[in-house]
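**Q** One structure coming up, written as structure tokens, with questions to follow.
The values are calculated or read from the model by the stated rules, or taken from the named source; none is laboratory data. From a predicted model like this one, the values you see are computed outputs, not experimental measurements. Cβ: placed from backbone, ideal geometry, glycine included. Neighbour counts: every protein chain shown. Heavy atoms of the whole protein, side chains included, go into the accessibility calculation; ligands, DNA and RNA do not. Shrake-Rupley method; radii C 1.70, N 1.55, O 1.52, S 1.80 Å.
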Amino acid sequence: MTCLRLFLGCLLSFAVLASDARALDRVTLKDGKTVDGRVVFEGPDRIVVRVGTKDRDIAIADVVEIHSRARDDRDVVQRWEKLAPEDTKGRLELAQFAREHDLEGEARLLALSVLSKDAICEAAHVFLGNEKKLGAWLIKVGSHSIPFDRWMDARLDFSDADPMPTAHFMLRTNVPLDAACNFALELELFYLAFMDWFRPELDLYEVLEPIAVHVHADNKSYPGGTGRKGYFDPQANTVFVDVSGGLTLDVLIHESTHALLNATAARAKDARGSIPSWIDEGLADYMSLSRGGVFGHPLYASSGSNRRYFAMHAEAKKPLELSRVLALSPTDYTLSPIMGLAYAQSFTLVHFCLNGGDGAYHAKFFDFMRSCYKGKSSSTDFKAAMKIDVKAFEAEWLDWAKKHR
């Protein structure tokens, strides 16, 4: 079966779904009424639909059916991750499904992932709207069309790299096309893992403003210099990563965690959230260290560890006191004399709160996190939420570091 016949088969298989394409989500209620907007939260007892600029709370008991972009994106991303690289039929079927469910970014990336393996696949070119002239496939770039092979070469220069949008990110990169598609998939799978772990506890809403992520294949185009492999600029809402020396997926996840915390707190609709520096850095390391698996197929385990950080904390002649860690500022993680311990003890404190004390601190830590999302993130707020005796807590925290070094 040719590549084009595979694609035509996909179109026939999904033609019945064409009428389901939509720009807005739809919630159908038991009284027969519908609510159109964007489902920004879905919990066990309620959902929240954003209609224009207003959020409408709806009890799950009143709902008959939910069609949401968030659900569709989860479906597409999870199915994408399971597809073999050579599964052209499966990728184009999923691309068609994504297009019919208002996920054009994912649809385009799935088709491009086919072309990254087979640059002359007619079905993928037809899906993308490319035209064939004089035996060469042309791809649209703005108002112009250029040969696909020339586009493939041009995009290796970061200044000519086209944006690659997904539901929650706006990726721009000059890595080879197959790696670019995997980076996009990695970002969306990271988003799902983060939300699976923290949304139920923190009632996190969907991120509707895409986070820009710039992945640089060369250090020359990377704006961060040679001293750091990645950083997040909250003003630009952009993650920058240098992969010229390797994939550095830990850096990508670390910096993307900063971005997602910022997106769900400071950049949220009410903009009240205030994430303290020790959680911002500690949780970014926690997420990056929780990621295992190969490129494009991450496995997240929620007890990710770092023996070096535990050893730095456990073996320090003078560990930072709890009050100092709770008061850390962004500059303490740059060129300060305590930079190493700042990173190490921020991570060990987050790890201890989530996993230590035989689980005694887990719920209390999320009580504090909820207060952070309401703008109450001081050391006083932490101690009140955790209900601790500081000296006893510090001793137990240090024992936790010694145990895991």
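**Q** If I go through the range 149-178 residue by residue, how many of them are in contact with a Ser or Thr (Cβ under 8 Å, 6 or more places away or on another chain) and aliphatic (A, V, I, L, M)?
**A** 3
**Q** Another one. Which numbered condition in (1) at pLDDT 95 or above; (2) open to solvent by 40 Å² or more (accessible area, probe 1.4 Å); (3) closer than 30 Å to Leu24 by Cβ is the only one that Lys140 fails?
**A** Status for Lys140: all satisfied but (1).
**Q** Residues that are over 27 Å from the mean Cα position of the chain (by Cα), within 25 Å of Trp151 (Cβ to Cβ) and surrounded by fewer than 23 Cβ atoms within 10 Å (Cβ to Cβ): does the range 105-119 have at least one?
**A** Checked the range 105-119: at least one residue is over 27 Å from the mean Cα position of the chain (by Cα), within 25 Å of Trp151 (Cβ to Cβ) and surrounded by fewer than 23 Cβ atoms within 10 Å (Cβ to Cβ).
**Q** Do you know which residues across the range 315-361 are within 13 Å of Glu396 (Cα to Cα) and among the polar types (S, T, N, Q)?
**A** Thr348, Asn355 - these are the residues of the range 315-361 that are within 13 Å of Glu396 (Cα to Cα) and among the polar types (S, T, N, Q).
**Q** Moving on. Identify all residues within the range 71-103 that are open to solvent by 50 Å² or more (accessible area, probe 1.4 Å) and not charged (D, E, K, R); write none if there are none.
**A** If the condition is that a residue be open to solvent by 50 Å² or more (accessible area, probe 1.4 Å) and not charged (D, E, K, R), then Gln78, Pro85 are the ones that fit.
**Q** Give the range 206-238 a look and list any residue that's of a type in the set (Asp, Glu), buried (at least 16 other Cβ atoms within 10 Å of the Cβ) and within 14 Å of the chain's Cα centre (by Cα), or say none. Working first, answer last.
**A** Pass one, the range 206-238, residues of a type in the set (Asp, Glu): 206, 209, 218, 233.
Still in the running and buried (at least 16 other Cβ atoms within 10 Å of the Cβ): 206, 233.
Residue satisfying the conditions is Glu206 alone.
**Q** Confirm whether Leu189 is surrounded by 19 or more Cβ atoms within 10 Å (Cβ to Cβ) and modelled with pLDDT of 95 or more.
**A** Numbers: surrounded by 19 or more Cβ atoms within 10 Å (Cβ to Cβ): yes; modelled with pLDDT of 95 or more: yes.
Spelling it out, Leu189 is indeed surrounded by 19 or more Cβ atoms within 10 Å (Cβ to Cβ) and modelled with pLDDT of 95 or more.
**Q** Just need a number here: residues in the range 331-361 that are in a helix (DSSP H, G or I) and either closer than 18 Å to Ser274 by Cβ or among the hydrophobic types (A, V, I, L, M, F, W, C) (or both). Quick ask: steps written out before the conclusion?
**A** Going through the range 331-361, the residues in a helix (DSSP H, G or I) turn out to be 331-333, 339-355, 357-359.
Filter once more, keeping what is either closer than 18 Å to Ser274 by Cβ or among the hydrophobic types (A, V, I, L, M, F, W, C) (or both): 331-333, 339, 341-342, 344, 346-347, 349-350, 352-354.
Count: 14.
**Q** Looking at the range 209-327, what strands (runs of 3 or more DSSP E) fall wholly within it and have at least 2 residues that are small (Gly, Ala, Ser) and more than 30 Å from Ser159 (Cβ to Cβ)? Please lay out each step first, then the result.
**A** On the way: elements: 211-216, 230-233, 238-242, 291-294, 297-300.
Fully inside the range 209-327 and qualifying: 291-294.
**Q** So which of Asp153, Asp203, Asp160, Asp196 ends up being under 30 Å from Ser303 (Cβ atoms), exposed (fewer than 15 other Cβ atoms within 10 Å of the Cβ) and free of Cβ contacts under 8 Å to residues at least 24 places away in the same chain? Full working, then the answer.
**A** Numbers: Asp153 fails: under 30 Å from Ser303 (Cβ atoms); Asp203 fails: free of Cβ contacts under 8 Å to residues at least 24 places away in the same chain; Asp160 fails: under 30 Å from Ser303 (Cβ atoms).
Matching residue, one of Asp153, Asp203, Asp160, Asp196: Asp196.
**Q** Could I ask something else about it? Would it be correct to say that Asp367 is of a type in the set (Asp, Glu), more than 19 Å from Leu202 (Cα to Cα) and open to solvent by 50 Å² or more (accessible area, probe 1.4 Å)? Break it down stepwise before answering.
**A** On the way: of a type in the set (Asp, Glu): yes; more than 19 Å from Leu202 (Cα to Cα): no; open to solvent by 50 Å² or more (accessible area, probe 1.4 Å): yes.
Criteria not met by Asp367.
**Q** Okay, moving on. Of all residues being crowded, with 23+ Cβ neighbours inside 10 Å and in contact with a Lys or Arg (Cβ under 6 Å, 6 or more places away or on another chain) in the range 239-259, which is nearest to Pro223 (Cα to Cα)? Just the residue, please.
**A** Here the answer is Asp242.
**Q** Let me confirm something: among Lys364, Lys391, Lys376, Lys402, which residue is over 17 Å from Asp280 (Cβ atoms) and either in contact (Cβ under 8 Å) with a residue 60 or more places away in the chain or not in a helix (DSSP H, G or I) (or both)? Working first, answer last.
**A** On the way: Lys364 fails: either in contact (Cβ under 8 Å) with a residue 60 or more places away in the chain or not in a helix (DSSP H, G or I) (or both); Lys391 fails: either in contact (Cβ under 8 Å) with a residue 60 or more places away in the chain or not in a helix (DSSP H, G or I) (or both); Lys376 fails: over 17 Å from Asp280 (Cβ atoms).
Of the residues listed, the single one that is over 17 Å from Asp280 (Cβ atoms) and either in contact (Cβ under 8 Å) with a residue 60 or more places away in the chain or not in a helix (DSSP H, G or I) (or both) is Lys402.
One line per residue, one yes/no per condition, for (1) surrounded by 12 or more Cβ atoms within 10 Å (Cβ to Cβ); (2) of a type in the set (Ser, Thr, Tyr); (3) under 24 Å from the mean Cα position of the chain (by Cα):
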| residue | (1), (2), (3) |
| --- | --- |
| Phe295 | yes, no, yes |
| Ser303 | no, yes, yes |
| Arg307 | no, no, no |
| His313 | yes, no, no |
| Ala327 | yes, no, no |
| Thr331 | no, yes, no |
| Gln345 | yes, no, no |
| Val350 | yes, no, yes |
